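A.B. asks: The structure's right below; bear with me while I get my questions together.
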Amino acid sequence: MVDALLAVLQRPNFLIFVIIFLWGFYIMMTRYNLVKKLIGMYLVQTSVIFFLVSISVKKGATVPVLLSTTEPVKAASYANPLPHVLTLTAIVVGVATLGVGLALCAAIYRKYGSLDEQEILERLE
Amino acid sequence: MSHQLPAILFLLPLFAAISMPVVCLKHRHWSRSISVAILAAMVLVSILNLHNVIHHGEVRYVFSGWTVPLGIEWVADGLASIILVLLSALGLLCVVFTGPTFPKALGGRIVHYYTLILLLVSALTGIVFTRDLFNLFVFLEVAAISSYALVGVAGGRALFAAFRYLVLGTLGASLYLLGVSYLYAVTGTLNMADMVDKLPLLLSSKALIGGLIFMFIGLGIKMALVPFHAWMPEAYTHAPESISPILASLVTKVALLAWIRIIYWVLIGPIVIFDIPILILVAVLGTLAAVIGAFLALAQRNIKMMFAYGGISHIGIILIGIGQGNQTGFAGGVFYLLNDAVMQAALFFLAGVAFCQYGVKTIDDLARIGKKSPWLTGSLVVMALGMIGLPPTGGFFGKWYIILGALEAGNYLSVAGVLLSTLLTLAYFVKLFEAIFRQSSTQLDDVQPGEIPLAFKLTLGITSTVIIILGLFSAPIVQLLLDHAMPPGL
């Protein structure tokens, strides 16, 4: 038990990822306000992006542009660009989803005059 | 030229979607003709591609010359090419069907609607072809974002259904991405073929198992597998009449195809989750989905809701076939997937026609159709035969091969699941027919429907014919699947 706790504390980034993810998930599932749900959803997405960035950190490495063309390439001195590119794409996808979500929220508000899930459900009955 | 076909197939609808707002700026009504033309061209090119793949083997396409572990690879193999013919043909039918049922709430924004449909079709094409796990995520999201917008496009109740779909769908996508980053962290690659080489050393890795569980839950939400299906019936029921068929027939099936790809093309070794082999898990989940979905369908009164739950139960039947781990079961599962896509499209076309012509929404309204509409009742009979799985239709042969596969694997629970869900399907179609031919409701005769538009006759006629053709030619089609669409190692 103590060992497991210590192992978790060795990697605080994973701990932070789990906290943000569960926090967002909790907001998404328990709040009735639609915009709050979207905030929870965005926290979930951000936590995954955070995870992706944190596993790809390389200490003492630089940007992946060749320092010299004559010496042999040492992989250890360059950061891996792929996870960062993935992160950028994931951020773009997240922003697009959030945009559609907010547009739907605005349309729901115009139609029902409320953003509260329970009020809208009552009106739908 | 022929090795460029996968890229052409993807770029056709994508370029059409991007250029449509400009081309149709002055002439909005061109947009429908352009969509029909583009999708018809796509059907032709996909048939050409299938022909090419059958005769010359699979086509590997690498984007901008970056070779395999580095770049993104697309592969047009037998399975992808067959699914793509289906996808483009159903997309074309859905656009043809849209004409008379175009959502009135949209008013003049007709161009945006067709743009979204073409974008959806191109994203689904990408999912079918790609062999890169992250690329798959991007296309899943492009397809999902276009479907959220299309569900909510007509406003009203659909807005709320679309919002729920968006929240759950995004949760699914995030879980999938999380799974991909786990797998990337342990293997250092995203390419499926490259990952296969690296997995044998990692079979006991907890990160691999964790990542797989996240990926499967994420894709499970996207394909409306039973514990995660909550968003699906509501979204499909309240979506506009012209959108439900394309969503029901294509979006969930293509997510299922992505799952098949990962199970059979990446996890070739004996992967075990909590001491249960993964294929057994798939078969059990499929059995649960098949039975529970059919039970829920039986309880519905809204016909679109009933068909949506029917779709959930059929996803389960496909998974039962896939999970048997032998050639017969796999071919049966994929053959049933083809059938089910056609049947779901047909059912929602039918629900759309019934609503537009006769204002039918629930089972109680069905009596209005009665004997007045031979087109509707005739095609409903064919679809019922297909859904229940009676001999002249493709549904029968799909279930037949799935049961043969299950018997071969000695998996009697799966056989029982297929049979029970068939009985329940029979029960809810009996309920429908009982409602149609009920004599008591004569007071509704004041409904004066106009002539059924040509587009409706065409879509209902073609889908019903295809359901029967798939049955009549089941032997060559299954043989084609056995010859060209088998995963490595089966």
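Taken together, the values in this text are just the output of simple stated rules run on the coordinates, not laboratory data. Model, not experiment: these values are computed from the prediction. As a convention, Cβ positions derive from the backbone with ideal geometry for all residues, glycine included, and neighbour counts pool all protein chains shown.
A.B. asks: Calculate the spin-label point distance for A:Tyr78 paired with B:Ala416, positioning each point 7 Å from the Cα along the beta-carbon direction, and give it in nanometres.
C.D. replies: The modelled label-to-label distance comes out at 5.9 nm.
A.B. asks: Oh, and also: Run the quick spin-label model on B:Arg60 and B:Glu434: label points 7 Å from Cα toward the beta carbon, then report their separation in nm to one decimal.
C.D. replies: Between B:Arg60 and B:Glu434, the label points sit 5.8 nm apart.
A.B. asks: With N denoting the number of residues in the range A:1-43, provide Rg(C-alpha) divided by 2.2 N^0.38 Å, to two decimal places. The partial results should precede the final answer.
C.D. replies: Values: Rg = 13.8 Å, N = 43, 2.2 N^0.38 = 9.2 Å.
Normalised Rg, Cα atoms only: 1.50.
A.B. asks: Related question: Given an 8 Å cut-off on Cα distances and at least 6 residues of separation, report the relative contact order of chain B as a percent. Mind showing how you got there, number by number?
C.D. replies: On the way: 816 pairs, mean separation 68.4, N = 490.
The value is 14 percent.
A.B. asks: Also, I was wondering about something else. When only C-alpha pairs under 8 Å and at least 6 residues apart count, what is the relative contact order of the range B:63-139, in percent?
C.D. replies: Numbers: 38 pairs, mean separation 35.7, N = 77.
Reported relative contact order: 46 percent.
A.B. asks: Any idea what Rg and Dmax come out to for the range B:31-88 if you just take the C-alpha atoms, in Å?
C.D. replies: For the range B:31-88, the Cα-based Rg and Dmax read 13.7, 41 Å.
A.B. asks: So for the pair B:His3, A:Leu5, with labels modelled 7 Å out along Cα→Cβ, what separation do we get in nm?
C.D. replies: For B:His3 paired with A:Leu5, the spin-label model returns 6.1 nm.
A.B. asks: Normalise the Debye intensity by I(0) for chain A, one equal point scatterer per Cα, no solvent, then take log10 at q = 0.10, 0.12, 0.18 Å⁻¹ and round to two decimals.
C.D. replies: Those come out to -0.52, -0.66, -1.01, one per q.
A.B. asks: To continue, here is another question. Calculate, in nm to one decimal, what B:Phe274 and B:Leu407 gain on full extension: separation in residues at 0.36 nm each, minus their alpha carbon distance.
C.D. replies: Details: separation 133, 0.36 × 133 = 47.88 nm, distance 2.51 nm.
Taking 0.36 nm per residue and subtracting the Cα distance, the gain is 45.4 nm.
A.B. asks: Using only helices, what value at 222 nm comes out for chain A when you add -39,500 (n - 2.57) per DSSP H run of length 4 or more and divide by the total residues, to the nearest 500 deg cm²/dmol? Intermediate results must be reported in sequence, preceding the final value.
C.D. replies: Details: 5 runs with 90 residues, N = 125.
My calculation for chain A gives -24500 deg cm²/dmol from helical runs alone.
A.B. asks: Semi-axes, largest first, in whole Å: what does sqrt of 5 times each Cα gyration tensor eigenvalue give for the protein assembly as shown?
C.D. replies: 39, 28, 25
A.B. asks: Give the range of the longest stretch in chain B that excludes all chymotrypsin sites (Phe, Trp or Tyr not before Pro) found in loop regions by DSSP and having at most 16 other beta-carbon atoms within 10 Å.
C.D. replies: Working: sites that count: B:Trp66, B:Phe274, B:Phe437, B:Phe473.
The reported range is B:67-273.
A.B. asks: Could I ask something else about it? Does a label point 7 Å from the Cα of B:Val68, set along Cα-to-beta-carbon, have any residues of the range B:117-142 with amide nitrogen under 20 Å, and which are they?
C.D. replies: B:128-136
A.B. asks: Angle between the Cα long axis of helix A:81-112 and the longest principal axis of chain A, 0 to 90 degrees, nearest 10?
C.D. replies: Approximately 10 degrees, to the nearest 10.
A.B. asks: Sticking with this structure for a sec: Relative to the first principal axis of the alpha-carbon coordinates of chain B, what is the inclination of helix B:78-101, with its axis defined by its Cα atoms, in degrees from 0 to 90 and to the nearest 10?
C.D. replies: That works out to roughly 30 degrees.
A.B. asks: Let me ask something else. Would you mind getting me the FRET efficiency between B:Ile213 and A:Glu119? Use the beta-carbon distance for r and R0 = 45 Å, nearest 0.05. Present the calculation step by step, with values, prior to reporting the outcome.
C.D. replies: Numbers: r = 37 Å, r/R0 = 0.81.
My answer for the efficiency is 0.75.
A.B. asks: Here is a follow-up. With the alpha-carbon atoms as the only input, what is the per residue convex hull volume for the range B:276-490 in Å³?
C.D. replies: Values: hull volume 22.7 nm³, N = 215.
Dividing the Cα hull volume of the range B:276-490 by its residues yields 105 Å³.
A.B. asks: Give the cross-link partners of B:Lys431 among the lysines, using a straight C-alpha distance below 27 Å as the criterion and excluding same-chain residues fewer than 8 apart.
C.D. replies: Once the sequence-local lysines are set aside, what remains near B:Lys431 is B:Lys253, B:Lys304, B:Lys361, B:Lys371, B:Lys372, B:Lys399, B:Lys457.
A.B. asks: To continue, here is another question. I'd like the orientation of helix B:278-298 relative to chain B: the angle between its Cα long axis and the longest Cα principal axis, in ° from 0 to 90, rounded to 10.
C.D. replies: Long axis of B:278-298 versus the principal axis of chain B: about 10 degrees.
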